[in-house]
1. How much area per residue is accessible in the chain when the probe is 1.4 Å and only protein heavy atoms are counted (Å²)?
2. Can you tell me how much longer the chain between SER85 and ARG21 gets when fully stretched, taken as 0.36 nm per residue apart minus their C-alpha distance, in nm with one decimal?
3. Read phi for every residue in region 40-48 and hand back ³J(HN,Hα) as whole Hz from Karplus 6.51 cos²θ - 1.76 cosθ + 1.60, θ = phi - 60°, with x for Gly and Pro.
4. Roughly to the nearest percent, how much of the accessible area of region 45-87 is carbon and sulfur, given a 1.4 Å probe?
5. How long is the gain from ASN97 to GLU5 if the chain were fully straight, where each residue apart is worth 0.36 nm and the alpha carbon distance is subtracted?
6. How high is the relative contact order of the chain, given as a whole-number percent (alpha carbon pairs under 8 Å, six or more residues apart)?
7. As I understand it, the dipole of the chain uses +1 on the Cβ of Lys and Arg and -1 on the Cβ of Asp and Glu, about the Cα centre. Which of GLY26, ALA56, LEU42 lies farthest toward its positive end?
Amino acid sequence: MSASEYVDVAPAAELAPGTVRALEVGGQEIVLCRAGDEYFALQARCSHTNAPLARARIRGDCLVCPVHGARFRLRDGKHLTPPASSGLLTFPTRVENGRVQVSPAPLEPPGGVPDGGSPTT
């Protein structure tokens with residue numbers, strides 16, 4: 001499978017807003033999240049203790065770890081609160097023909113641009 005391919009993972013209508021679902025895509029463990037009408041895919045383990053995020057909750061634009069409450073921004077995986085000190089990998093998502101699709105190739109860098117930093121080219 002090439003890094004640019006997307007994998008069909010679920011019917012979009014099957015995922016209600018606030019849904020967090022653990023799955024494997026191209027050998028990557030991810031959580032697929034729906035917030036409002038948007039879909040996000042992030043690595044499936046917290047960067048703090050490697051705890052599974054399958055039981056995480058969505059609060060606004062954040063994924064909240066069920067173990068210690070670390071918050072990660074859904075859009076780019078950036079960690080927003082302790083005890084996490086690094087972000088999560090994120091994966092491109094799209095909806096095609098009513099189906100959610102995820103690319104197994106993570107976006108870089110994990111967790112977005114560091115605080116106060118700027119993207120490098």
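The values are calculated or read from the model by the stated rules, or taken from the named source; none is laboratory data. Since the model is a prediction, treat every value here as computed from it, not as a measurement. A quick note on method: Cβ atoms are made from the backbone with ideal geometry, for glycine too, and the neighbour counts reach across all protein chains shown. Side chains are part of the model used for accessible areas, which takes the heavy atoms of the whole protein and leaves out ligands, DNA and RNA. Shrake-Rupley method; radii C 1.70, N 1.55, O 1.52, S 1.80 Å.
1. 54 Å²
2. Gain on stretching SER85 to ARG21: 20.7 nm.
3. Rounded to whole hertz, the list is 9, 10, 10, 4, 8, 10, 5, 6, 7.
4. 46 percent
5. On the way: separation 92, 0.36 × 92 = 33.12 nm, distance 1.59 nm.
Full-extension gain reported as 31.5 nm.
6. Rounded, it is 25 percent for the chain.
7. Going by the charge dipole, the pick is ALA56.
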